[in-house]
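Trainee: Provided herewith is a single structure, encoded as structure tokens, for subsequent inquiry.
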Ligand SMILES: Cc1ncc(COP(=O)(O)O)c(C=O)c1O
């Protein structure tokens with residue numbers, strides 16, 4: 001089915017065929033830890049739910065189809081997925097990571113995995129020469145986030161892919177900010193895609209999850225092995241919630257991105273805002289790269305629903321946060337409701353001050369995760385909060 005049908009059809013039908021035993025249109029949630037075996041070594045493809053579970057498998061098939069990968073491997077959170085990817089490496093292996101990566105990824109790599117012998121270098125991957133310069137004989141993976149959180153820096157996926165291919169290095173992309181509707185890195189040469197499915201895939205701010213999509217069987221097998229061995233799996237109920245939510249992914253992402261474009265233009269034209277960062281604005285330094293790689297399955301350019309703005313002072317930002325109604329002050333993004341956060345003190349609290357300074361992350365930066373409310377209401381609310 002996945003090959004012939006379009007994205008929205010696959011989002012609804014792959015992994016979601018009606019239950020053959022009852023005809024239930026919504027497939028059952030297999031809340032079971034174990035499976036009765038017909039005899040020693042004879043089972044129906046399932047033996048213990050840490051290893052495999054029918055509901056989780058449905059979700060994995062669905063996301064793999066949307067990203068165009070060989071298989072997907074689901075985890076209990078985005079961080080569990082990133083950790084699992086890095087856990088299949090060995091002591092002494094070197095990994096190059098985007099400097100402006102999600103704060104939790106920075107914390108996991110610098111404060112946990114580096115104690116286990118993995119070596120990391122954080123570079124500004126918007127300039128791909130920095131990747132070339134950082135490559136060592138022991139470099140095994142390049143891990144980028146594009147657009148990044150919260151500076152919305154964009155890295156050229158196809159360019160990084162050719163550098164990696166030349167050096168026989170594997171390449172992973174954290175695609176959380178675009179979702180498979182807005183960007184499909186495997187089509188552009190990545191070996192692995194990572195998602196915090198807590199965000200757009202979940203879409204309703206009610207579930208945590210993570211997923212890795214492997215381009216080929218060899219990597220998929222290694223990652224399933226880590227999934228089974230480490231056990232950081234989503235519960236069947238969480239897997240079902242994600243499978244339910246992904247059905248509307250395309251329309252949610254399109255609507256939120258359309259809203260974000262209007263909002264970004266509004267901020268850019270307003271003198272009360274010192275700086276507006278949005279990949280869809282001509283003023284964004286990587287606007288042309290976004291136009292090249294942030295493409296919907298239907299060939300339209302899409303810029304995503306994240307907008308970062310910098311106020312002239314922290315007190316003006318605090319005033320805005322107090323006055324605004326429809327944007328709630330909360331970490332996370334990708335839900336139907338609009339959220340806002342101050343990354344300097346929230347998501348990126350664990351990133352050292354000098355690293356934040358290097359990436360221009362200032363205390364006056366407010367990150368908006370635009371939802372799918374009516375744009376007139378969002379603009380009226382912003383207008384009122386700025387007045
Ligand atoms: C870009 C990005 N990657 C990874 C993560 C981690 O995901 P989770 O919170 O599901 O562990 C987040 C969370 O905000 C994120 O924004």
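Trainee: First obtain the Kirkwood hydrodynamic radius of segment 38-148 from its Cα pairs, then insert it into the Stokes-Einstein equation at 10 °C and 1.306 mPa s, and state the resulting D in µm² per second as a whole number.
Mentor: For the chosen part, D equals 98 µm²/s.
Trainee: Continuing with this model, one more query. Just order 36-47, 227-238, 358-369, 174-185 by mean Cβ neighbour count inside 10 Å, highest at the front, would you?
Mentor: Put in order of decreasing packing, that is 174-185, 358-369, 227-238, 36-47.
Trainee: Sticking with this structure for a sec: If contacts are Cα pairs under 8 angstrom and at least 6 residues apart, what is the relative contact order of segment 249-386 in percent?
Mentor: So the answer I get is 28 percent.
Trainee: Given a cut-off of under 8 Å on Cα pairs at least six residues apart, what relative contact order in percent is computed for the chain?
Mentor: Here the relative contact order equals 17 percent.
Trainee: Angle, helix 54-67 long axis vs. longest principal axis of the chain, Cα atoms, 0 to 90°, nearest 10?
Mentor: Tilt of helix 54-67: around 50 degrees.
Trainee: Let me make sure I get this right: for segment 184-233, a, b and c are the square roots of the gyration tensor eigenvalues over alpha carbons, sorted descending. Under 1.5 in a/c it's rounded, otherwise prolate if a/b > b/c, else oblate. Which is it?
Mentor: oblate
Trainee: Tell me, in nm to one decimal, what length is gained between residue 362 and residue 265 on full extension, where the rule is 0.36 nm per residue of separation less the Cα-Cα distance?
Mentor: Extra length from residue 362 to residue 265 when fully extended: 32.8 nm.
Trainee: How large, in Å, is segment 249-386 by the Kirkwood hydrodynamic radius built from its alpha-carbon pairs?
Mentor: 15.4
Trainee: Using the 10 angstrom Cβ neighbour count as an exposure proxy, how do 110, 32 rank, fewest first?
Mentor: Placing the least packed residue first, the sequence is 32, 110.
Trainee: Sticking with this structure for a sec: For the chain, give me the percentage of DSSP beta bridges that are antiparallel, rounded to the nearest 5 percent.
Mentor: Bridges in the chain that DSSP calls antiparallel: roughly 55 percent.
Trainee: With the convex hull built on the Cα atoms of segment 256-329, state its orientation-averaged projected area in nm².
Mentor: 5.6
Trainee: If you don't mind, there's one more thing I want to ask. In terms of the ratio Rg/(2.2 N^0.38 Å) built on C-alpha atoms, what value belongs to segment 214-302?
Mentor: Against the empirical 2.2 N^0.38 Å value, I get 1.58 for segment 214-302.
Trainee: Kirkwood Rh over alpha-carbon pairs of the chain, then Stokes-Einstein at 10 °C and 1.306 mPa s: what D in µm² s⁻¹, rounded to an integer?
Mentor: 74
Trainee: With just the Cα atoms defining each centre, how far is segment 93-153 from segment 203-247? Give it in Å.
Mentor: 23
Trainee: Here is a further query. When all C-alpha to C-alpha distances in segment 307-387 are sorted into bins of 5 Å, what percent of pairs does each bin hold, rounded to whole numbers?
Mentor: Calculated P(r), rounded to whole percents: 3, 15, 25, 25, 17, 9, 4, 1.
Trainee: So how much slack lies between residue 301 and residue 329, counting 0.36 nm per residue of separation and subtracting their Cα-Cα distance, in nm?
Mentor: The residue 301-residue 329 span can extend by a further 7.2 nm.
Trainee: Taking only Cα atoms, what is the 0 to 90° angle, nearest 10, from helix 78-87's long axis to the longest principal axis of the chain?
Mentor: Computed tilt is about 60 degrees.
Trainee: What number, in percent, do you get for the relative contact order of segment 91-247 if the mean sequence gap of Cα pairs under 8 Å and at least 6 apart is divided by its residue count?
Mentor: After rounding, I find 17 percent.
Trainee: What is the helix-to-structure angle for 314-323, meaning the angle in degrees between its Cα long axis and the longest Cα principal axis of the chain, kept from 0 to 90 and rounded to the nearest 10?
Mentor: Value to nearest ten degrees: 70.
Just so you know, all these numbers are worked out from the coordinates, no wet-lab data involved. Computed from a predicted structure; not experimentally measured. A quick note on method: Cβ atoms are made from the backbone with ideal geometry, for glycine too, and the neighbour counts reach across all protein chains shown.
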